[in-house]
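Data first, discussion second: the structure below is written as C-alpha cells.
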Amino acid sequence: MGGNYSNVPRCVRLTIEHRMCVAGVDLPPEFRLAVPADAERLTRYHHAAWLFGLHHLFPPGALTNSDPLEKLDRWHSWLADGSGYTTVVAEQQGIAVGHTTVAGDELVHLFIDPSWSGLGLGRRLLGVGEAMLAGAGHETARLNTLEGNDRAISLYTRNGWQMTKMLTPGIYFGHERNEHTLTKRLSDRSASC
C-alpha cells in the first residue's frame, strides 16, 4: 500500500486498509507459502480463533481449558514436504495473521488471528484457497465447517459456496459436533481482493 501512515491510530489504519481492500487496492498483509517454522504461530492463533468465534458451541471451559499447542504436531505434519497439504499464510510485518490450507479438492482450513477479524482478510484468503484449488485443476471444491459456525458459513455462502445436506460427525475438544459440507464450482469463482 502506498504512503506512510504509521502515525495514524491503528483503528483508523485498519479502516483505511479495509476500504482500500474493498476498492481493489493491493495492501498488506502479503501472502506466502507456509514453512515449518510457522507451525507454532499458526497453532496459537488457530486456538485463539476457536476461543473467539466458536466458544458458544461448547460447554463453558471446554475451549479455555484446552492446550493452545494441542495441534502443534498436526501442523508439523501438514507443513512437512510431501504431506499433500499446501498452506498459504497472510503475513503482516513478518508475523502470520491468517492462513488457508488445501489438500486434494478440499479447502481444509481457513483461520485468522482474531485481531484481524472483520477486515476482509477471510475473503481474501478464501480467494487464495480457491485459486490454489483451481490451479491444481479442480473444477469443484469442497470444505467442511462446524454446524453453528455462522460467521464462516456466511463468508462461504456470500462467496458462492453451496451448503449440501451432508453432515459429518467429529470430536472437538472432547465433544461431538457435526460439520456441514459446502461445495463450489470453481469456474464460478469471483475475483477477491
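Each peptide among 86-96, 162-172 gets the average number of other Cβ atoms lying within 10 Å of its residues, and from highest to lowest they stand as 86-96, 162-172.
What you get for the range 10-188, charging only the Cβ of Lys and Arg (+1) and of Asp and Glu (-1), is a dipole of about 500 debye around the Cα centre. For the pair residue 150 and residue 73, label points projected 7 Å from Cα toward Cβ lie 3.7 nm apart. The order of 81, 67, going from fewest to most other C-beta atoms within 10 Å of their C-beta, is 81, 67. Share of pairwise Cα-Cα distances greater than 31 Å in the range 10-188 is 12 percent (whole percent). Between residue 171 and residue 187, the contour length at 0.36 nm per residue exceeds the Cα-Cα span by 2.4 nm. Shown in residue order for the range 125-130 are the 3J(HN,Hα) couplings computed by the Karplus curve 6.51 cos²θ - 1.76 cosθ + 1.60 at θ = phi - 60°: 5, 4, x, 5, x, 4 Hz (x for Gly and Pro). Close amide-amide hydrogen proximity is noted between residue 66 and no other residue 5 or more places distant or on a separate chain, at a cut-off under 5 Å (H modeled in the peptide plane; Pro and chain starts excluded).
Computed from the coordinates by the stated procedures, all read-outs in this text should not be read as laboratory data. All of these numbers come straight from a predicted model, not from anything done at the bench. Using ideal geometry, Cβ is built from the backbone for each residue, glycine included, and neighbour counts are taken over all protein chains shown.
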